[in-house]
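Worksheet for the structure shown next.
The values are calculated or read from the model by the stated rules, or taken from the named source; none is laboratory data. Bear in mind that the values here come from a model prediction, so they are computed numbers and not experimental data. Cβ coordinates were reconstructed from backbone atoms using ideal geometry, including for glycine residues, and neighbour counts include every protein chain displayed. Quick note on the areas: whole protein, heavy atoms, side chains included, nothing else; ligands and nucleic acids left out. Shrake-Rupley method; radii C 1.70, N 1.55, O 1.52, S 1.80 Å.
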Amino acid sequence: VELAKMLLNEGQMHLFEHWPEPGVDDDKKRGFFDQVRRLNSSYPGGLVSYIQNAKKLLAHSKAGKNPYDGFTPSVPSGEPLNFGDDNFVSLEAAGVKEVRNAAFVLVAGGLGERLGYKGIKVALPRETTTGKCFLQHYIESILSLQEASCKMFDGCHTKIPFVIMTSDDTNALTIKLLESNSYFGMEPSQVKILKQEKVACLADNDARLALDPNDKYKIQTKPHGHGDVHSLLYSSGLLEQWKSEGRKWVLFFQDTNGLLFNAIPSALGVSATKGYNVNSLAIPRKAKEAIGGITKLTHVDGRTMVINVEYNQLDPLLRATGHPDGDANCETGYSPYPGNINQLILELGPYIEELKKTHGAISEFVNPKYTDSTKMAFKSSTRLECMMQDYPKTLPPSAKVGFTVMDTWLAYAPVKNNPEDAAKVPKGNPYHSATSGEMAIYRANSLILRKVGAQIADPVVYTFNGQEVEVWPRITWSPRWGLTFKDVEEKVRGNSSISQRSALVINGRNIFLEGLLLDGTLIVNAVDDAELLVMYIIWIIRHVDYKDTSEKEETRIRGFKFEKVEQLEVDYTKPGKHSLSA
Ligand code: UGB
């Protein structure tokens, strides 16, 4: 009854207009209120707040009000890092030391609609040389960081917490992936799943809730966005628990960036040494690239903030504030606004204090598609949305908000776009496809090995699914082998060289490449120390057309596969020194 009164007070009578007399469809009516109760309890402030916020934002949208009214954008200054220099190495060491006090949060509630993939994105192979999926790589990276950090502190046995935010679209498949793979080696108690609820859809400018077209006793719902992660963490009680365990940092990341963990140690080092309350990871951004731009906003009243401005808003904001070219590259060939890769490092103490005030509510937006310029009706229902990177918007000016800029090749290779859309990306801009995401892993690993003195052959250019990509030697390693630059440097000795047609898989912590001459495929799995190798047996790379339905979907979206003609695989299961040549 209270829920019904609340809905009537908020102008939602239409939800009941079609209801038959008592006694008819009573179970369905109860089901309706079950859903209303869930929608009410999962939104900070309940449905009343949701409807009121919607009315306000819809009115602003109708009036064409710019959310950045009164703000002037300018280029902020951040912490640029150069991979492998002394500063980078010492920041990585500081980050590894600090990581035992961290918790990791993966937002994985989104479905890969743009990618044209029906499964969950974290189950996709990060690369197909080993076939390890994104989730496995993330978990192995966290475990390796945990091991390395604890090694620096005698007697430290901390288990780094790992939270995964799911949604109804991804929850069951995520749990199944974890359970059927024994949590990829992580203790199940370390992993917490928080499921975000969808929010009610809005049918018109008066924020009347939309009924499901297929069920008149159900409110239509849609995802609210990754910003939900803050209110879920707040209401879960995990933040207070982490604080009581002495934790200091919460690291947020997204579902398909296979390079991200190359950037985590040094970025956490920046947070720890600079004392940042908020640290966002950024990369040089090409103008119009579909990632947000980190921008300094100065209000006419003097307020300033450093915040992500989403890619579809940066161009109009710049044009409206005296930059007639809008979102354009400058003389460096990049936009002057660094690209947000949505990896955030928050200092736990100030984060909790802020959430006590906001309960995790994040500034929202609405994006209705109107039927015409009168803006009186929508083409289809809309909803409020929020983004996790908008967290700093409510912070006081005293908050220390910074960002860290890394090379793209090292830190960012998301998998978001389907082959057809990727092939249409303007030349020079990144494809953000399964094809480019995988090739970026080989490129990064090749460049890292070059940086520590190995001779790695130049790439060749191939076109897969209409995308021109550089194909570097297919080099991949487990996180426990090469967690930081220093780890890799210590493990590559002598004059090693790897030819373009080679593939190298390194699985194990203490494998040393000493004078390795590789022209073929080598897979090394070792439990303990080993010194190796040479061999000449090959895998062939084959084109696969994405329209070829005889191939699996995950192969089709990348446009190639490895034909594993012959290989030598060696497992070192005994401790001690080994050598191999072939
Ligand atoms: N996600 C959720 O968990 N729940 C949701 O309701 C929605 C998403 P997209 P997009 O660096 O790569 C973001 O769809 O639009 C998860 C930033 O806003 O991939 O490309 C989802 O599972 C942008 O500023 O985001 O944009 C995924 O893990 C830029 O930084 C994550 O949220 C860009 O990512 C992101 O979802 C980028």
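Descriptive notes on the structure:
- The phi-based Karplus calculation (6.51 cos²θ - 1.76 cosθ + 1.60; θ = phi - 60°) puts the 3J(HN,Hα) values of the stretch 16-23 at 10, 4, 8, 6, x, 5, x, x Hz, whole numbers, x for Gly and Pro.
- Lone cysteines, the chain (no partner Cβ under 4.7 Å): Cys133, Cys201, Cys330, Cys386
- The Cα center of the stretch 1-45 and the Cα center of the stretch 420-469 differ in position by 52 Å.
- Of all DSSP beta bridges confined to the chain, the antiparallel ones make up roughly 45%.
- Where the chain is the region considered: accessible area per residue in Å², 1.4 Å probe: 43 Å²
- At 1.567 mPa s and 4 °C, Stokes diffusion of the chain via Kirkwood alpha-carbon radius, µm² per second: 50 µm²/s
- Only Lys, Arg (+1) and Asp, Glu (-1) charged, at Cβ; the chain dipole about Cα centre in debye: 620 debye
- Farthest positive-ward along the stretch 179-285 dipole, Cα basis, beta-carbon charges - from Asn214, Ser266, Thr256: Ser266
- Using distinct alpha-carbon pairs, which all enter the 1/r mean, Kirkwood radius of the stretch 273-346 in Å: 13.0 Å
- Computed from backbone phi, the HN-Hα couplings of the stretch 86-100 come to 4, 4, 4, 5, 6, 5, 4, 5, 5, x, 5, 4, 7, 5, 5 Hz, rounded to whole numbers (Karplus: 6.51 cos²θ - 1.76 cosθ + 1.60, θ = phi - 60°; Gly and Pro given as x).
- Shown here for the stretch 34-121: chymotrypsin sites (Phe, Trp or Tyr not before Pro) in loop regions (DSSP other than H, G, I, E, B) with at most 15 other Cβ atoms within 10 Å, of which there are none.
- Taking only protein heavy atoms and a 1.4 Å probe, the accessible area of the chain is 50% carbon and sulfur.
- With K and R counted +1 and D and E -1, the other residues having a Cβ less than 14 Å from that of Ser189 yield a net charge of -1.
- Of the cross-linked pairs Lys274/Lys451; Lys176/Lys379; Lys28/Lys379; Lys65/Lys369; Lys491/Lys577; Lys198/Lys379, those separated by over 25 Å at the C-alpha level are Lys274/Lys451; Lys176/Lys379; Lys28/Lys379.
- Farthest positive-ward along the chain dipole, Cα basis, beta-carbon charges - from Pro479, Thr573, Leu124: Leu124
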